[in-house]
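Asker: Okay, handing you the structure first.
Just so it is clear, none of the values below were taken in a lab; they were calculated from the coordinates. Here the structure is a predicted model, which means the values were calculated and not measured. Cβ sites come from the backbone with ideal geometry, for glycine too, and all protein chains shown count toward neighbours.
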Amino acid sequence: MSIPPDQEPPQGPDTRAAADLDPQELVDLLEVFLLGSPPTMTGPQLAERAGIPFERAREHWQSLGFTHVAEDEVAFTEADLEATLLTERLREFGLADQESEEALIRTVGRTFARLSEWQLDLLARMVDLERVTVGELADLMAELTPMAEQLSLYVWRRHTLGAASRLLLAPQSDAAEGVLGVGFADIVDYTRQSRSLRQDEIARLTDAFEGTALEIVTAHSGRIIKSIGDEVLFVADRPEDVAAIALELVERHILDADFPELRAGAAYGPVLSRLGDVFGPVVNLAARLTSSSRPGRVLVDRGLAEALEGNEDFRLRRMRRTSVKGYRRLEPWLLRRPVGEDPEFDPERLPGPASQFLAERGRDIMRVVEERQSRGEAGDIGAETEE
């Protein structure tokens, strides 16, 4: 961490305790280390050197999510100027037109703001400011910062390759129409649960949820669009993949009691993909189906039900039409597995909600199961009991 000459100790590393520094002084030292120099420009001065109107420079700054800076405040460095010039070059190359430029900047800002908060939170857990010296803190930052930068660059390149592969290898008809499977899954009674949990317990719950969701989604060639604490939005190119993801998410609670109970909804059809997010009626349908679903269930729309028709890995049952926000007569379909493949199927007890097969039909169905077991028969008894 570079230190301005007038603040340098006479010799050797800075042995001052970080806790003894004024917080603003510590921020100033961190600014020099991360941006390469102390601020030397006001906003109007930066805009003048970049050759752009000040209003545009200010819009860029605010779109990135940075705090408001007064016009006469010296707050910008050479690194800020270089970033502004790069943005203008992207516009000149046609990679960021006027219509999409601010949306692109907002997306970049949100992404790195969250990443930075996480990284600083990890650093705060590693460092005891009451004990560490400024020199030790500088050495730690000098070691960690290049690794974080290198990892961020690698992840960006790898995701760019993945996005290019999806674009180039997807069936032309689907690629042209932007057809995707979209699903939501959320934690049942999360608000009630969170009231009785400590902060560290809430963090463990959401971390376990997001980590397991990522594992399941990527295992079926899907991708997570976003996660917000108790909810995850995912997409997949193939209908069978989005169906498998939704089922595995709600089934995980059965296999692991520590994993929260979920409900899920999914839909299939044309979707607008823009700046890493997805939009359109199919997304709205998936959200409404999730809110209408019961714990451990997966509800899907007609589009996904039709796309899965004839697929022996899934069973579908049309449910009663319902009215939800934006859809007066929503037609949901219950998605489940064949009984023999249901991870919760246990003749010794009523199964839970993944298939709902026995629970929905009660003692009559248990009688059928017991009779078949006594005869040594197995198989899918759904045909005998479906309405």
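Asker: Which value results for Rg/Rh of segment 173-336 when Rg is the Cα radius of gyration and Rh the Kirkwood radius based on the inverse mean 1/r?
Answerer: When Rh is taken as the Kirkwood radius, the ratio is 0.96.
Asker: May I pose another question? Subtracting the Cα-Cα distance from 0.36 nm times the residue separation, let me have the gained length for A208 to A164 in nm, one decimal.
Answerer: Gain in length upon complete extension: 12.9 nm.
Asker: Another one. Give the calculated FRET efficiency between R89 and A19 to the nearest 0.05, with a Förster radius of 35 Å applied to their Cβ-Cβ distance. Walk me through the intermediate numbers first.
Answerer: Details: r = 43 Å, r/R0 = 1.23.
Approximately 0.25, to the nearest 0.05.
Asker: Right, next: Of H220, H60, how do they rank once you tally other Cβ atoms within 10 Å and put the fewest first?
Answerer: H220, H60
Asker: Arranged by the count of other C-beta atoms within 10 angstrom, fewest first, what order do S221, S196 take?
Answerer: S196, S221
Asker: Right, something else. Could you state the principal axis extents of the C-alpha atoms in segment 188-233, from the largest down, to the nearest angstrom?
Answerer: That works out to 36, 15, 14 Å along the principal axes.
Asker: Write down, largest first, the equivalent ellipsoid semi-axes of segment 5-165 in whole Å, where each equals the square root of 5 times an eigenvalue of the alpha-carbon gyration tensor.
Answerer: Value: 32, 22, 13 Å, ordered largest first.
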